[in-house]
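A.B. asks: Could you have a look at this structure, given as structure tokens, before my questions?
The values are calculated or read from the model by the stated rules, or taken from the named source; none is laboratory data. Owing to the predicted nature of the structure, the values given are computational and were not obtained by experimental measurement. Please note: Cβ atoms are built from the backbone with ideal geometry, for glycine as well, and neighbour counts cover all protein chains shown. With ligands, DNA and RNA removed, areas are computed over all heavy atoms of the protein, side chains included. Shrake-Rupley method; radii C 1.70, N 1.55, O 1.52, S 1.80 Å.
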Amino acid sequence: MTVPAFRDPALTPEQRADDLLSRLTLEEKAGQITQYFYVIDPEAADEQARVVEDAIRTGRAGSVLFVRDASVANRLQRIAIEESRHGIPLLLGFDVIHGLRTIFPVPIALAATWSPEVIERAQSVAAREARAVGIHWTFAPMVDIARDPRWGRMVEGAGEDPVLGAAVAAAQVRGFQGDLSAEHVIAGPKHFAGYGAARGGRDYDDAEISDSELWNVYLPPFQAAVDAGAGNVMSAYMDLNGVPASGNNWLLTDVLRDHLGFDGFVVSDADAVRSLRTQHFARDLTDAGARALSAGLDMEMCMADPAFGHLPEAVAAGRVAEAAIDTAVRRVLIAKLRMGLFENPFTDEVASTSVVTAPEHKALARATAEQSLVLLKNDAQTLPLDAARLASVAVIGQLAASKRDTLGPWVFDHDTEEVVTILDGLRQRLGDSVAVEYAPGVGIPRRLVPSFFDNQDPSVEETADDHDDEAELRRAVGVAEASDVAVVVVGQRQNQAGEFASASTLDLPGRQVEQLERIVATGTPVVLVVMTGRPVDLRFAEKNVSAILQVWYPGTRGGEAVAATILGDVTPAGKLPFTWPRHVGHVPMIYSHNRTFKPADQGRRYWDEESTPLYVFGHGLSYARFEYSNLRLDAERIRVGQSTVVTVDVSNVSTRDADEVVQLYIHQRYGTSSRPLRQLVGFQRVTVEAGNMRTVRFPLGPDELSYWSAATRGRVQDATTVDIWVGGSSAADLGTVLEVTG
Ligand code: GLC
């Protein structure tokens, strides 16, 4: 019996896909581009599993998500290969956002390292663990620019800036996907596009984005992910300028394919195709499926009753061309063929266990966390603490001892016992030489949310209502008063960040600020540790606490990283990937705003509150001290289209080796459009040994100086005068000027 062409590895994926496509019925084609959730509700596990397995067996499912167990992955693959008509292997996808079993710091923390190399290494470990358990594809990186911290998903991205966002997006794609070897997975940047601009920071709310913001801010990270070779893109839920992203032909075809050059396959967000009816865009599910498919959506991710199940009916009614369905099916088949799934569909169940528990993965998770921490304030060199001069340390706050919250959102396969909390880390680091006393203090109210988003281990956590706040508050103050120093951990629960976690305030939940006030009043020196995925209101702390360390949700070995930093074993070098507003009333507040009439430097914007950020974009202190000097340009005058090189010397004038994130900002003084007062166009994280100097160079040319203009409705580069600054944050003040002539 001749082997059918699609099974011949000597042929190209395209040739094999064409042969297989020719053998499918219309119903089987619709099935190949339908993706089902596997079991996500333990109470309904049997029923959900039965529905999905039946869909696989009958060729109505080509992909499944939320399978994270090697034996289950292999079992579902055997059903697809041995029991369906053509034996087409499944593509298994999952949200591997910042680790699978070994949990790395949340993505906003990865961005805070400002190190593409660190980020790539972290996500390559995440990919290795995912592939080991049979996952072929991750729904990551999330590359949505976020400028409204009320939006909970800020924690999943890289902050407010398109240049930092693009570098982080590309690094994550390289880490996840690499050369698509047996230790990598398809990367799926999401959510295309503009999801972070949800009105009011309300998750899923509609987004109205101007063309210039779309092209200059929201699309560049997607362009970088596509250029890095991402095999998949996930379309967003929300209406973009009145047209739902998942049914938006201009967005999914004109922009994504024709402008950005994407040639992989597009999957919808969960139930986003069915939601075209909910959003009153589509008349019914048949209309929804037909319009999404025709717009350029290749695969429907759904819980049940897929809209794509109605595609044969839509073809019969002339509402979608079968050729359009063929295009989508072909893209999905090529992805499977490129992954080698027809030759190697199964995973080694025995080997998977040693991969996901590899000690070197945990060591890297710790090192990554160390590089992500941001020292916001350090007056009088309060930090690092000197263990030799301490007899007792108070550790205050529920989050200091919460294993689950230390991991952050979007984790499902962690081993709680493996997590090192901040309390654990300090106890391990200080040993018997220093007395460490813990007091949980006031309760941090847990959000009661649908289990899918909660994923909080109730067994591990006390809830706020288990707490006698008054008594616990008094106890915490007492412990602090009796100690040499108090490490006070404040923040938000992990499920108060992430999807479905928009907040109308940036206040710290519960009575955490009151507790901090009472502890500060004891006179015991305070080190404030902030565990959040977004900026929160720290106005009291900024005025009254001498040391403040932002630790994000630092992952499986986060407690070790925090302790090592507080005690000076490592020197923090993280920088903020967003502007930190004083108050929710200032939102949105970004650093790259235009100068406008009555520039901010000529007067206050708000009469009732200081109008400047609490901490600026790119801010982060060190235990070392850096001096910038000798800023120079290879050419101080260039023509439009030409390039120069910006060079600066960075000296470490301290006794500590340390990293510094050197940042390059520009502003053009006139041109086709008004341009931001400051705009990041380059950065490099460098290590400078104590007492030494490093020379850092940046290219500056059309890529950095051009932009999309609403005046010409296209990309332009102006003949103009360009101010240039280099330094350790967006407040850099070492500057020079470049003349760009016509
Ligand atoms: C969610 C999220 C998306 C995620 C998907 C699958 O609703 O919006 O980011 O990848 O569903 O879990």
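A.B. asks: Taking segment 188-211, which residues are open to solvent by 10 Å² or more (accessible area, probe 1.4 Å) and part of a helix (DSSP H, G or I)?
C.D. replies: Ala197, Arg199, Gly200, Asp211
Condition check ((1) surrounded by fewer than 22 Cβ atoms within 10 Å (Cβ to Cβ); (2) modelled with pLDDT of 95 or more) across all residues:
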site	(1), (2)
Glu472	yes, yes
Ala480	no, yes
Ser483	no, yes
Val488	no, yes
Gln496	no, no
Ala501	no, no
Asp507	yes, yes
Leu528	no, yes
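A.B. asks: Go through (1) crowded, with 18+ Cβ neighbours inside 10 Å; (2) modelled with pLDDT of 95 or more and name the single condition Asp18 misses.
C.D. replies: (1)
A.B. asks: At least 2 residues that are open to solvent by 50 Å² or more (accessible area, probe 1.4 Å) in each: list the strands (runs of 3 or more DSSP E) lying fully within segment 634-742 that qualify.
C.D. replies: In segment 634-742, the matching strands (runs of 3 or more DSSP E) lie at 637-639, 679-688, 693-700, 734-741.
A.B. asks: Is one or more of the residues making up segment 446-466 of a type in the set (Lys, Arg), at pLDDT 95 or above and open to solvent by 20 Å² or more (accessible area, probe 1.4 Å)?
C.D. replies: no
A.B. asks: I'm trying to understand the selection: among the residues of segment 57-92, which are assigned to a loop (DSSP other than H, G, I, E, B), more than 15 Å from Trp137 (Cα to Cα) and open to solvent by 10 Å² or more (accessible area, probe 1.4 Å)? Let's see the steps before the verdict.
C.D. replies: Keep residues of segment 57-92 that are assigned to a loop (DSSP other than H, G, I, E, B), which gives 58-62, 66-69, 84-90.
Among the residues that remain, those that are also more than 15 Å from Trp137 (Cα to Cα) are: 58-61, 84-88.
Result: Thr58, Gly59, Arg60, Ser84, Arg85, His86, Ile88.
A.B. asks: Scan segment 265-314 for residues that are part of a loop (DSSP other than H, G, I, E, B) and hydroxyl-bearing (Ser, Thr, Tyr) and jot them down.
C.D. replies: If we filter segment 265-314 for residues that are part of a loop (DSSP other than H, G, I, E, B), which is where we start, we get 269-274, 279-284, 296-298, 303-306.
Hits for segment 265-314: nothing passes.
Rundown of residues vs (1) hydroxyl-bearing (Ser, Thr, Tyr); (2) closer than 27 Å to Phe265 by Cβ; (3) open to solvent by less than 30 Å² (accessible area, probe 1.4 Å), yes/no style:
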| position | (1), (2), (3) |
| --- | --- |
| Val320 | no, yes, yes |
| Thr327 | yes, yes, no |
| Arg331 | no, yes, no |
| Ala335 | no, yes, yes |
| Ala351 | no, no, no |
| Leu364 | no, no, no |
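A.B. asks: Restricting attention to segment 328-338, does a residue exist that is out of contact with any Ser or Thr (no Cβ under 6 Å at 6 or more places or on another chain), in a loop (DSSP other than H, G, I, E, B), at pLDDT 95 or above and within 30 Å of Asp413 (Cα to Cα)?
C.D. replies: No: segment 328-338 contains no residue that is out of contact with any Ser or Thr (no Cβ under 6 Å at 6 or more places or on another chain), in a loop (DSSP other than H, G, I, E, B), at pLDDT 95 or above and within 30 Å of Asp413 (Cα to Cα).
One line per residue, one yes/no per condition, for (1) farther than 30 Å from Ser504 by Cα; (2) of a type outside the set (A, V, I, L, M, F, W, C):
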| residue | (1), (2) |
| --- | --- |
| Ile186 | yes, no |
| Tyr195 | no, yes |
| Glu208 | no, yes |
| Gln223 | yes, yes |
| Met238 | no, no |
| Ser246 | no, yes |
| His259 | yes, yes |
| Ala272 | no, no |
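A.B. asks: Of Val740, Val726, Val686, Val696, which residue is in contact with a Phe, Trp or Tyr (Cβ under 7 Å, 6 or more places away or on another chain) and either under 30 Å from His259 (Cα atoms) or not acidic (Asp, Glu) (or both)?
C.D. replies: Val726 is the lone residue from the list that is in contact with a Phe, Trp or Tyr (Cβ under 7 Å, 6 or more places away or on another chain) and either under 30 Å from His259 (Cα atoms) or not acidic (Asp, Glu) (or both).
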